[in-house]
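Coordinate-derived values only; no laboratory data. Note that the structure is predicted; figures quoted are calculated from it, not measured. As a convention, Cβ positions derive from the backbone with ideal geometry for all residues, glycine included, and neighbour counts pool all protein chains shown.
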Amino acid sequence: MSEFDLANKNFEEWTAHELAQYFKDQTDVDNNYAEMLEKQKVDGKVAPHLTEDDLRQMGIDTVGDRKRVMAAIDTLKKAKDMNDRSKVLWEGQEIMYISCWQWCCETCCGCCPQDPELYTLSYNHLSIKKPNQNRCGPCVCCWGHSYEINNIDISNIQDVDVEGVPPPCFQQCFCGAKTQEHLKIQTSNDPERIILKLEKGTGQQVSRKIKNQVEVMQRMERN
């Protein structure tokens, strides 16, 4: 069973018995490790973190058996890395209007709607899906729509800033307009900053998530 097969299985929920069966299928070792794994409280969540010294302490004394089991564990590690890379950490969308007044003016009271940009943050990428609507004047046509997806490598992000953008006084007083937060991202391969338009408070939360992932990627590169 390859790491690609394992990535589609919920192996981190395996019990000690299911893990033992996996080791048996992968290694062709006759030993039944289920009792040993259960005694050591080793399950599918713990297995990818096992080392050869751990196996020795658990009682797998034969060098050949340890090497075979470690090969099976390495496959689990690769599958876990694949799952981590594809895991979605945050999803959001562009806040296009600061008030119902602006929405009415720019969409003709909803008759000419506009689609927002969609944001997805994963383990090593920030994806921005930008719709390109086909229009006849202000009206949206029922054909010819396209979109672009900008995939930003987290390791290329150099700086993340948050700017609070208050609404005009009139709209704030009479239309219930709310402050936006613009998340400004500077990358190493683009001189222009990428701007994510978010609700107040959300920009700061997403900024912390992106900075955390940048630090994770930097640690991986150093190692």
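Taking the Cα centre as origin and putting +1 on Lys and Arg beta-carbons and -1 on Asp and Glu beta-carbons, what dipole magnitude results for the chain, to the nearest 20 debye?
560 debye
Cα atoms only, the chain: Rg and Dmax in Å?
25.3, 78
If a paramagnetic tag sat 7 Å from the Cα of Arg219 along the Cα-Cβ line, which residues of the stretch 98-140 would have the backbone N under 16 Å from that point?
Under cut-off, by backbone N: 123-124.
Peptides 209-221, 12-24: what's the order by average Cβ count within 10 Å, highest mean first?
Averaged packing, sorted descending, gives the order 12-24, 209-221.
Using 0.36 nm times the number of residues separating Val140 and Arg193, minus their current alpha carbon distance, what extension gain do you get?
Result: 16.2 nm gained on full extension.
How many percent of the alpha carbon pairs in the stretch 83-185 exceed a separation of 18 Å?
62 percent
Rounded, prolate or oblate: which one fits the stretch 126-176, using the alpha carbon gyration tensor with axes a ≥ b ≥ c (rounded when a/c is under 1.5, else prolate when a/b beats b/c, else oblate)?
Oblate, because a/c is 1.5 or more while a/b does not exceed b/c.
Quick one: Kirkwood hydrodynamic radius for the stretch 153-223, alpha-carbon pairs, angstrom, one decimal?
13.5 Å
Springs between alpha-carbon atoms under 10 Å, Gaussian network over the chain: tell me which of Val69, Val160, Val88 tops the mean-square fluctuations.
Of the options given, Val69 has the highest mean-square fluctuation.
How about the stretch 137-223: which chymotrypsin sites (Phe, Trp or Tyr not before Pro) there lie in a loop by DSSP and see at most 14 other Cβ atoms within 10 Å?
Answer in residue order: Trp143.
Per q in 0.17, 0.23 Å⁻¹, report the Debye log10 I(q)/I(0) for the stretch 3-86, using one uniform scatterer on each alpha carbon and no solvent.
Treating every Cα as an identical point scatterer, log10 I(q)/I(0) equals -0.61, -1.14.
Among Ile60, Ile152, Ile128, which one moves the most in a GNM of the chain with springs linking Cα atoms closer than 10 Å?
Residue with maximal mean-square fluctuation among Ile60, Ile152, Ile128: Ile60.
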